[in-house]
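Trainee: Quick one: the structure is below, questions incoming.
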Amino acid sequence: MRILRRALLAVSAVTVLSLSATACSSASSASSGSSGAAGKTVKVRFGYISDYNGASLLAIADRQGLWKQQGLDPELKVFTNGPLQVQALGAGDLDFGYIGPGALWLPASGKAKVVAIDTLTYADHVIAQPGITSVKDLKGKKVGVPAGTSGEMVLNLALQQAGLSPSDVQKVPMDPATVVSAFVGGQIDAAGIWYPLIDSIKAKKPDLVEIAGTKDFTGRAFPTAFVSGPKTDAGLSEKVVKVLQAANDWRAAHPDESVTEAAALLKLDPAKVKADAANVQTLSTADLVAKTKDGTVDGWLKGLGDFFVSTGQLKTSPAPAEYYAGDAYAKAYGK
């Protein structure tokens, strides 16, 4: 936990400056707690990560006019990882965001609320330099990870499975872009990181070795999620959830077009985004509602919560109902 705190503190000043330079923090901001009077548009500051999971629904909502249908005007802000978005939510600089499974310990600790499940993802891997062929070979090696993210999650899972502990490796916290450059430059022996960044590394280090990945842990699920601050206006959250649900169903019905829309927002080659989308399992909104009602989603979240207790990121694993607004998600779909 000390490592994560140092990492977040190190970037907090930069994050705040960046947000200050781009954010519109006027009284019309959605963070004022108003869900918008009739006929008026409410600005919503929405964070995302530059990948298919984080961008596709936001891009679809824009192209399909779904924001306007709910009287919302989105201000989209790209972040490098989930913990930075949760930090921005807590500072009042963001209204909603997107996080991967490795950052779900933050809502579980009370720092955010999950308003919607997005996908199940299998994009996270432990990669190593040539000559390292197994997780056990990492003992004593330098391993770069973005602290508190899915990269650290998959590394910790792999270490546990191999009978090792985090103290058996030299874990080096670094932001995702630094992981890429450090691995390519040979400054680290391995990394816990995700696609599409692994593709960027492969372009320069095609002989890297993938020694573990989330698909190896068949008894677990790895949901991605959209989050809000812990006290976001309920009326506003309902409107945002409706947008996400409508966009989700469009994505499920138009998988190829959803890649095109995400690529346009990300300003990336659609072929690269399609490769990234191959690591994702999408679910219809009806399926997500059913899985919310029957406890499946709670099982996904509880399993991760228990794991985060084992890593020391959580003291206890709370009931998912304390931080997943599942009832509100199901109710929004019924309207």
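The values are calculated or read from the model by the stated rules, or taken from the named source; none is laboratory data. Owing to the predicted nature of the structure, the values given are computational and were not obtained by experimental measurement. Don't worry about glycine lacking a Cβ; one is built from the backbone with ideal geometry, like all the others, and counts go over all protein chains shown.
Trainee: Could you please let me know if Gln161 is touching a Gly at 6+ places or on another chain (Cβ under 8 Å), more than 17 Å from Phe226 (Cα to Cα), touching a residue at least 24 places away in the same chain (Cβ under 8 Å) and not assigned by TED's automatic domain parsing to the domain that holds Phe46?
Mentor: Details: touching a Gly at 6+ places or on another chain (Cβ under 8 Å): no; more than 17 Å from Phe226 (Cα to Cα): yes; touching a residue at least 24 places away in the same chain (Cβ under 8 Å): yes; not assigned by TED's automatic domain parsing to the domain that holds Phe46: yes.
Criteria not met by Gln161.
Trainee: If you scan the range 129-184, which residues turn out to be in a loop (DSSP other than H, G, I, E, B) and either under 18 Å from Asp199 (Cα atoms) or hydrophobic (A, V, I, L, M, F, W, C) (or both)?
Mentor: Step one: filter the range 129-184 for residues in a loop (DSSP other than H, G, I, E, B), giving 129-134, 139-141, 146-149, 162-165, 169, 174-175.
Within the range 129-184, Gln129, Pro130, Ile132, Pro146, Ala147, Ala162, Leu164, Val169, Met174, Asp175 qualify.
Trainee: Another one. Mind listing whichever residues of the range 194-229 are under 19 Å from Leu304 (Cβ atoms) and hydrophobic (A, V, I, L, M, F, W, C)?
Mentor: Within the range 194-229, Trp194, Ala212, Phe217, Ala221, Phe222, Ala225, Phe226, Val227 meet the criteria.
Trainee: In addition: Select from the range 53-66 the residues that are within 20 Å of Thr121 (Cβ to Cβ) and either touching a strand residue (DSSP E or B) at 6+ places or on another chain (Cβ under 6 Å) or basic (Lys, Arg) (or both) and list them in ascending order.
Mentor: Listed by number, the residues that qualify are Asn53, Gly54, Ala55, Leu58.
Trainee: Of the residues Ala212, Ala278, which single one is closer than 29 Å to Pro107 by Cβ and touching a residue at least 60 places away in the same chain (Cβ under 8 Å)?
Mentor: Working: Ala278 fails: touching a residue at least 60 places away in the same chain (Cβ under 8 Å).
On inspection, the qualifying residue turns out to be Ala212.
Trainee: Kindly indicate which of Leu76, Leu120, Leu66 is of a type in the set (A, V, I, L, M, F, W, C) and either surrounded by 24 or more Cβ atoms within 10 Å (Cβ to Cβ) or under 22 Å from Pro320 (Cβ atoms) (or both).
Mentor: Matching residue, one of Leu76, Leu120, Leu66: Leu120.
Trainee: With the checklist (1) surrounded by fewer than 20 Cβ atoms within 10 Å (Cβ to Cβ); (2) modelled with pLDDT under 50 in hand, flag the one item Ala30 doesn't pass.
Mentor: The failed condition is (1).
Trainee: Failed condition for Lys204, given (1) in contact with a Gly (Cβ under 9 Å, 6 or more places away or on another chain); (2) more than 22 Å from Val280 (Cβ to Cβ); (3) of a type in the set (D, E, K, R), with all others met?
Mentor: Every listed condition holds for Lys204 apart from (1).
Trainee: Name the single residue that is nearest to the chain's Cα centre (by Cα) among those in the range 166-204 being farther than 23 Å from Tyr122 by Cβ and polar (S, T, N, Q).
Mentor: So, considering only residues that are farther than 23 Å from Tyr122 by Cβ and polar (S, T, N, Q), the one nearest to the chain's Cα centre (by Cα) is Thr178.
Condition check ((1) touching a Lys or Arg at 6+ places or on another chain (Cβ under 9 Å); (2) in contact (Cβ under 8 Å) with a residue 40 or more places away in the chain; (3) in the same structural domain as Ala321 (by TED's automatic domain parsing); (4) assigned to a loop (DSSP other than H, G, I, E, B)) across all residues:
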position	(1), (2), (3), (4)
Asn53	no, yes, yes, no
Ser56	yes, yes, yes, no
Ala59	no, yes, yes, no
Val86	yes, yes, yes, no
Leu89	yes, yes, yes, no
Leu94	yes, yes, yes, yes
Gly97	yes, yes, yes, no
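Trainee: Let me ask something additional. Grab the strands (runs of 3 or more DSSP E) fully contained in the range 186-299, keeping just those with 1 or more residues being crowded, with 17+ Cβ neighbours inside 10 Å and polar (S, T, N, Q). Before the answer, list the steps.
Mentor: Numbers: elements: 190-194, 209-213, 223-228, 280-282.
In the range 186-299, the matching strands (runs of 3 or more DSSP E) lie at 223-228, 280-282.
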